[in-house]
Each structure stands twice: as structure tokens, then as C-alpha cells.
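The values are calculated or read from the model by the stated rules, or taken from the named source; none is laboratory data. Owing to the predicted nature of the structure, the values given are computational and were not obtained by experimental measurement. FYI the Cβ positions are ideal-geometry reconstructions off the backbone, even for glycines, and counts take in every protein chain you see.
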Amino acid sequence: MSRRNSKLYSFTLILIDALVLIITFVLAYVARVQYDPRPLLHNIYAFDYLFAFVLIVPVWIFIFAILGLYQPGTYNRRLAEWAKIAIGSFIGILLVIGWEYVSDKTIFPARLVALYALIGAFILIVLEREIMRLIRTLMFRYGRGTKRVLLIGSSSASSDIAKSISDTVRSGYEVIAFAGPKKNLPANFKGHHYSYVEEALKDLELNEITAIIQTDLYENAERNQKVLSMAQEAHIDYSFIPGQAEFYSGKNTVDVFLGYPMISVYQTPLVGWGAIVKRIFDLIMSTLLIIVSSPFLLIFIIIKKIVDKGPVFYISQRLSRFSEPIGLIKFRSMGAQYGGKDAAEEFREMGREDLAREYEKYRKVENDPRITPFGKWLRATSIDELPQVFNVFKGDLSLVGPRPILPQETKLAHGRTALLHSVKSGVTGLWQVSGRSELDFDERIELELFYAQNWTFWLDIKILFKTVLVVLRGRGAK
């Protein structure tokens, strides 16, 4: 969305949210007063009730605004939006109840009206936001409200970004022009290509560009200033995305050093209270999972003993936070004679050079001959990873985080192991919910570096929900 369209969309959300809140309050009143035969605590006339809430709605909208519900960073992320709607509705009802108590003025004719209003506000606003999201998607489909992008860069990051936002219907972006080496053009690119950025800048108006995304800084500072100045003169959006993940983070501070603005970039935002909250959440959830899954674990142990007649568990030596070694607990899915060496070495000993090469590229193979029939089922259902809840309870792992890597895989991370291990490894993560086995090792590392540098509690919740869906569908499990 262009800046103007974003403002219009936010303003439209404010108006519709206000209307939906009024409808919610009316329905809550009618449900209790008209259709519930029990006596009321207070006789509040419908007009007085509705008038009171017409005055309260602006305060409620103000709460939503403080929570960021009218910012693209929220309404473009469904789970974050739902969570903030729930929080905003709860705070709104608390303020109304608090106002009743402080002012000694009665607003609700019965306690249930407040409960109905709380539940109704959440459900109806979520429904309204989903309808608005559908309308916006339809608008994107017909080219309305999209951002027309000039992408500038000479690294592979430029090509990745172009591919990532190529689905205009979902992203709201349309790459109209690309300034950089032709080799970095994504496949099937239909926009304008410019070898020199100066040529692209001359055609900003001709191409109706509404946003510039730059992924690399030129050695000549004047060229960089030219790009920014042209964006400012044309009053269009300008964004700089460092081509290397190590240079951006969800945790940074801006200060003044010797009269210059200084940006301090931390390895991860998962520090301080964030780390404490995450550990408490892991401890509570792992305890509940151990209690709930214990009967099933016992059944699988018995079946494993009967069917495979070998060791039930496999302890895999992995590296977690700060590259500290941990013993990852899994149900053994391979024959008892396998797992003691690197998989590529074992495949070569079996005479399967093709599988060795496949493993070295993806760190997984699609049809692993070392896996037993029951082990194949355990992997397909992801049950082989269920014992890792004990790793989480112990504190070796988190529920969500980068997948713990094998010691021999550190050389494949191209010097990024320290950044990858700035957070505790997890049972599931972005890799598992974004393609899992279909992604090669480098793509997996990029996803997990993004997680380490952009952690939020809501991102963890979103990944957990997606993990459940991925496991139920059996997508990517090998």
C-alpha cells in the first residue's frame, strides 16, 4: 500500500471499528435485557445506555490506537492483530467498569452485559478485520492500493526480496523496476531493468513509483544521497534493507556519541525480561505436555520395543545456545547399527553416493534406507521428536528457536554460528513451518538467523500454531 492508501485504510478501520463497537454494545444490551427473563440489577434505559457508549467509543478507539491496531505492522500480521484486539477489548471493558466504580454512575443494567460486550467486541472486530483483509486482497488483485516499487541492489538479497514480494495479492507490493546487475533479476521478472540507478531515478514519475527499496549502499556516498533525495523530492517511501542479515536486528538502541547518532545493534532482542518470560512459558508448557503425553509416550515405548527390538531412544549430540553441547532426546527411528557417524559417511559406506550428496546439500534425505518402517511412521507424524519436551523442561532447549545443529555442521554456517547460537535452540522454529525438509541448509540458516534477530513473544506463539498445522498436514516431515 502507498503511504496515502495506508492512511486511508487506517482511517477506514477507525470508522468501522467504532461502528462495530456501537453495534456490539447494542447487541449486548438486547441479549440481556430483552431475551433474559432474570431481573436486572439496574433499570437503565436503552437511550441512556447507548448515549453513554457513544461517548465511550472514542476512548476505546484511542486504546486500540495505542496498541498499534491502525498501523501496517499490526494489521498486516493476523495473529498479532487478534492478540491486540483481545487486549484492547479487555482494557476497554476494565476502564468502563472502573469508571462506574469511581464516578458512582451506573452504565450496565446487569453484569452479563459487560461480559457480552467483551466477548462480542473481540469476535465482531476480528470478523470485521478479516472482511477488511479480504476486501484489501481483492483490491490488490486488481492493482488498487499496491506499492509500486523500485528495487535497488547488487546482492542476492535483492533477488530474494523481489521473489518474496512477487505475490502482489498477498504482499501488496509490485516490483515495477529493478536497478542492479541483470544476473540478480528474479525468474519471470516482467518489470523494467536498469543497469545504473541514475537511469531508474529519472523514470520514477514515468513508472509511477511509490516506494524505493535499497539493499546495498554504493561506495560513492553521493549516489546514496541521490537515491534518498529523489525519494524525498517525489514524496515516496524509502526503505533500506541491509543485504546481510548480521546488520539488522529487532533489538537496537539509538544514542548520541561525540555529537553523532550511534546505533547499537544487539545480537538478539531475546534479553532481559524477554528471556525470563520465554523460560517461564517453556517451563509451564513443557510440564503440561509431559503430563498429557506420558501415557502416549509409554505406549510408543512398548510398541518400539516389540516392533524394532532395539534401543528406544537416541541421544543426538547437538549444539545449542552459546554453542554449548546438549544431548537431544529422540525416539530412535533408525536401525540400532546407525547413527554413530555422520550420515554422509554412513551412506558412502552403504555405497549410496547419491544419498550422501543429497544429505550434504539439505542435511536430510527423502528416502533414508537406515530408517525402520515404524521409525518412518514416527518421523512422518513428528512423534520421534516428542521426547524433546524433557529437554525443554530441563532447560537445554526452548519450545521455539533455531534447530540445534550437529557439531560438524558449524563449518557450513559460514561463520554465523555465534549469531545463530545467541538464543537457545528450539524443538520447532521458522525452518519447520516454512518448508522444513524442502529448504536447503543455507535457506534454513537464513530463516533461523532472522528469528534470532527479530524474536518476539507473539512470533513464538505464531510459530507454535503453525507447527500444529504443519504436523497435522504432515507437510515436510521426513
Fill in the blank from the handout: Picked from the range 194-227 (must be modelled with pLDDT of 85 or more and touching a helix residue (DSSP H, G or I) at 6+ places or on another chain (Cβ under 6 Å)), the residue surrounded by the most Cβ atoms within 10 Å (Cβ to Cβ) is Ile212
Exercise for the section: Might you check whether a residue that is at pLDDT below 85, within 19 Å of the chain's Cα centre (by Cα), more than 17 Å from Arg279 (Cα to Cα) and acidic (Asp, Glu) occurs anywhere in the range 401-415? Expected result: no
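Looking at the range 303-342 only, could you name the residues that are outside any helix (DSSP H, G or I), of a type in the set (Lys, Arg) and under 12 Å from Phe374 (Cα atoms)? Quick ask: steps written out before the conclusion?
Applying the first criterion (outside any helix (DSSP H, G or I)) to the range 303-342 yields 308-320, 324-342.
Within this subset, residues satisfying the condition of being of a type in the set (Lys, Arg) are 309, 318, 330, 332, 341.
Hits for the range 303-342 are Lys309, Arg332.
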Exercise for the section: Can you give me the number of residues within the range 107-136 that are surrounded by fewer than 18 Cβ atoms within 10 Å (Cβ to Cβ) and outside any helix (DSSP H, G or I)? Expected result: 0
Practice task
For the range 378-393, indicate whether the set of residues that are assigned to a helix (DSSP H, G or I), crowded, with 18+ Cβ neighbours inside 10 Å and not assigned by TED's automatic domain parsing to the domain that holds Glu443 is non-empty.
Solution key: no
Problem - Failed condition for His421, given (1) more than 30 Å from Trp273 (Cβ to Cβ); (2) modelled with pLDDT under 75 - result: (1)
Fill in the blank from the handout: Apart from one, (1) modelled with pLDDT under 80; (2) exposed (fewer than 15 other Cβ atoms within 10 Å of the Cβ) all hold for Phe441; the odd one out is (2)
Exercise for the section: Assess whether Lys330 counts as being surrounded by fewer than 15 Cβ atoms within 10 Å (Cβ to Cβ) and not hydrophobic (A, V, I, L, M, F, W, C). Expected result: no
Handout entry: Conditions (1) in a helix (DSSP H, G or I); (2) within 18 Å of Val96 (Cα to Cα); (3) at pLDDT below 85: number failed by Ile23
Key = (3)
Problem - Extreme residue, farthest from Lys424 (Cα to Cα), among residues of the range 297-319 that are touching a residue at least 60 places away in the same chain (Cβ under 8 Å) and among the hydrophobic types (A, V, I, L, M, F, W, C) - result: Val307
Problem - Among (1) outside any strand (DSSP E or B); (2) at pLDDT 85 or above, the one test that Glu345 misses - result: (2)
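Touching a residue at least 60 places away in the same chain (Cβ under 8 Å) and crowded, with 16+ Cβ neighbours inside 10 Å: does that describe Phe281?
Values: touching a residue at least 60 places away in the same chain (Cβ under 8 Å): yes; crowded, with 16+ Cβ neighbours inside 10 Å: yes.
So Phe281 fits the description; yes.
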Exercise for the section: Please work out which one of (1) touching a residue at least 60 places away in the same chain (Cβ under 8 Å); (2) part of a helix (DSSP H, G or I); (3) among the basic types (Lys, Arg) is the condition Arg357 fails and give its number. Expected result: (1)
